[in-house]
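The values are calculated or read from the model by the stated rules, or taken from the named source; none is laboratory data. All of these numbers come straight from a predicted model, not from anything done at the bench. Positions of Cβ are generated from backbone atoms using ideal geometry, with glycine treated the same way; all protein chains shown enter the neighbour counts. Just the protein is used for accessible areas: all its heavy atoms, side chains included, with ligands, DNA and RNA removed. Shrake-Rupley method; radii C 1.70, N 1.55, O 1.52, S 1.80 Å.
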Amino acid sequence: GWQVSMKSGSLSYILPCNRLPVQLMSQVRVYTSNGQKKDLGSEDTNGSARGETLHKVETGRQDTTNAGQKQSSPKQPIQVKVKAVLKKREYGPKYTQNNFITGVRAINEFCLKSSDLDQLRKIKRRSPHDDTETFTVYLRSDVEAKSLEVWGSPEALARERKRRKEAEIKYRENLFRNQRLLWEYKEFFGNTKPRSSTAAMFFKGPGKVVMVAICINGLNFFFKLLAWVYTGSASMFSEAIHSLADTCNQALLALGISQSARTPDPSHPYGFTNMRYIASLISGVGIFMMGAGLSWYHGIMGLLHPHPVESLLWAYCILAGSLVSEGATLLVAINEIRRSARAKGLSFYQYVVQSRDPSTNVVLLEDAAAVLSVAVAATCMGLTSLTGNPYYDSVGSLGVGTLLGTVSAFLIYTNTEALLGRSIEPEQLQRLTELLESDPVVRAIHDVKATDMGMSKVRFKAEVDFDGRVVTRSYLEKQDIEQLLQEIQQVKTLEELEAFMLKHGDNIIDTLGAEVDRLEKDLKQRNPDVRHVDLEIL
């Protein structure tokens, strides 16, 4: 049994042996049942002699004690199990050179021709886009070797890259010069370009509302200005300034609408839709500065330095015309907001407060303020006509300024909230979350965020914990199980096992990517407001 104990330094070992314990301090020896000894360490002459003497004494004692005993069974050999472990790989530059590269990047970065790529190994990869088939990629190491074969040396390749970059800069300069000449040609001979889609935006929807408001407010400003020059009324001056502020602000809204229609570019990948909110915010500040500020100033000056008011007959006529025109513009804005709110499933109040359409909101609030300010100005001018007291007219100017200040404060608040990136409604966020959680491939979701980017465009982000078993089953359903079984049975070595796992592991990752694409497509189809989806894999 386990009888013999050997000690070397401070370490002890137990081996099966039928001999008595033997302790050696500077060496390790194994004494077997047949009397043979094996050295396991360094030994010296004294230690050897001392060990042999001790062996004889102990052998005599053991023979006397066990003289009549037989060995019942033969000694069993020691079995040692060795666990095979793959050697850890060092992923250095040599490994990363085997990354994939597309044909366009290979041609641009390594100065190759399309014919140079025909001789290289082609690999089909899954496209990240739903409407695009698989595309061809190349190994980066193959492309680098081909570029050295074509150009001869890295220095020659660097010189060619530098030459092409200089040629590209020169091409851009020539292009800019040609565009400048074309613009000057159009300025001189007239622009015969057909009407663009941006111009068509001003004939429907919010663009139509803004253009109608610009025309009406411009006419109102002209006639109110004439009435103020004729009568000298402070209230009429406030009304003229109010119409001028409305005209300028709505021209700014038109600029914001045209800029928001620009297509996204590399510098602005999410587009320019926020330009409407920026224009509305500046418009609110303009109403406060030009409308409210000048009205308060003129009202205060009227109180400090009152002067008699001339005949107000023409002023009443102009105010009546302004009431009709402002009311017409207000009805156009109300109808547009009702139509848009009905399409979004919101009430009129929710649509206005959430600033879903900032341009129409500005027109609505400005025209509503204009109608109320006309009523205030007419009332105060009437009191001045009846009593002959000019203070009522100055108070009317202060009232119009206060009304404009309230409208500007509301516009500044709502547009600032929209630009800061507020969250969508909790009910809509709950529907998006339930859609993900109900999918069998999703185990759990975390850190869900949905931001309203403006103009009914939502960006959705979530961290998704995918169920690896479901993803693997989805991959196996597309495979030939019998052929896969044959591949498994042919695996005999560790290298073959590694190659098998790398092959199918890569395919399973592609399957996971396809599941992510499917979830993003479902979110966009069931919620048209969701334009950008970012799913992070946990």
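Report yes if some residue within region 240-252 is within 33 Å of the chain's Cα centre (by Cα), in a helix (DSSP H, G or I), assigned by the TED database to the domain that holds ALA369 and touching a residue at least 60 places away in the same chain (Cβ under 8 Å); otherwise report no.
Scanning region 240-252 turns up at least one residue that is within 33 Å of the chain's Cα centre (by Cα), in a helix (DSSP H, G or I), assigned by the TED database to the domain that holds ALA369 and touching a residue at least 60 places away in the same chain (Cβ under 8 Å).
I need the full set of residues from region 333-361 which are part of a helix (DSSP H, G or I), farther than 20 Å from SER243 by Cβ and open to solvent by less than 10 Å² (accessible area, probe 1.4 Å), in order please.
Within region 333-361, ILE337, ALA341, PRO358 meet the criteria.
With the requirement that a residue be surrounded by fewer than 20 Cβ atoms within 10 Å (Cβ to Cβ) and in a helix (DSSP H, G or I), what does region 255-274 give you?
LEU255, SER258, GLN259
Name every residue in region 465-487 that is assigned to a helix (DSSP H, G or I), surrounded by 12 or more Cβ atoms within 10 Å (Cβ to Cβ) and either touching a residue at least 24 places away in the same chain (Cβ under 8 Å) or not basic (Lys, Arg) (or both), in order of residue number.
GLY468, VAL470, VAL471, THR472, SER474, TYR475, LEU476, LEU484, GLU487
For region 482-523, how many residues meet the condition of being in contact with a Phe, Trp or Tyr (Cβ under 9 Å, 6 or more places away or on another chain) and basic (Lys, Arg)?
Here the count works out to 0.
If you go through region 356-379 one residue at a time, do you hit one that is under 30 Å from the mean Cα position of the chain (by Cα), within 28 Å of THR329 (Cβ to Cβ) and of a type in the set (Lys, Arg)?
Yes: region 356-379 contains one or more residues that are under 30 Å from the mean Cα position of the chain (by Cα), within 28 Å of THR329 (Cβ to Cβ) and of a type in the set (Lys, Arg).
So, in region 362-389, of the ones that are in contact with a Pro (Cβ under 9 Å, 6 or more places away or on another chain) and not in a loop (DSSP other than H, G, I, E, B), which residue ends up surrounded by the fewest Cβ atoms within 10 Å (Cβ to Cβ)?
Looking at residues that are in contact with a Pro (Cβ under 9 Å, 6 or more places away or on another chain) and not in a loop (DSSP other than H, G, I, E, B), I get THR384.
Can you spot a residue in region 440-453 that is within 30 Å of ALA369 (Cα to Cα) and not in a strand (DSSP E or B)?
yes
Across region 512-538, what is the total count of residues that are open to solvent by 80 Å² or more (accessible area, probe 1.4 Å) and not in a strand (DSSP E or B)?
Residues flagged as open to solvent by 80 Å² or more (accessible area, probe 1.4 Å) and not in a strand (DSSP E or B) within region 512-538 amount to 7.
Looking for whichever is open to solvent by 30 Å² or more (accessible area, probe 1.4 Å) and more than 21 Å from the chain's Cα centre (by Cα) here; the options are SER397, SER438, SER408. Which one fits?
SER438
Condition first: open to solvent by less than 90 Å² (accessible area, probe 1.4 Å) and at pLDDT below 80. Now tell me which residues in region 303-332 satisfy that.
PRO306, VAL309, SER311, LEU312, ALA315, TYR316, ILE318, LEU319, SER322, GLU326
Filter region 137-150 down to residues that are under 16 Å from ARG121 (Cα atoms) and open to solvent by 40 Å² or more (accessible area, probe 1.4 Å) and give me whichever is modelled with the lowest pLDDT.
ARG140
Pairs only if they're at least six apart or on different chains, beta carbon under 7 angstrom, first in region 277-306 and not assigned by the TED database to the domain that holds ALA213, second open to solvent by less than 60 Å² (accessible area, probe 1.4 Å) and charged (D, E, K, R); list them, first residue then second.
none
Here are LEU404, LEU411: which of them is under 30 Å from TYR270 (Cα atoms), in a helix (DSSP H, G or I) and either touching a His at 6+ places or on another chain (Cβ under 7 Å) or in contact (Cβ under 8 Å) with a residue 40 or more places away in the chain (or both)?
Exactly one of LEU404, LEU411 is under 30 Å from TYR270 (Cα atoms), in a helix (DSSP H, G or I) and either touching a His at 6+ places or on another chain (Cβ under 7 Å) or in contact (Cβ under 8 Å) with a residue 40 or more places away in the chain (or both), namely LEU411.
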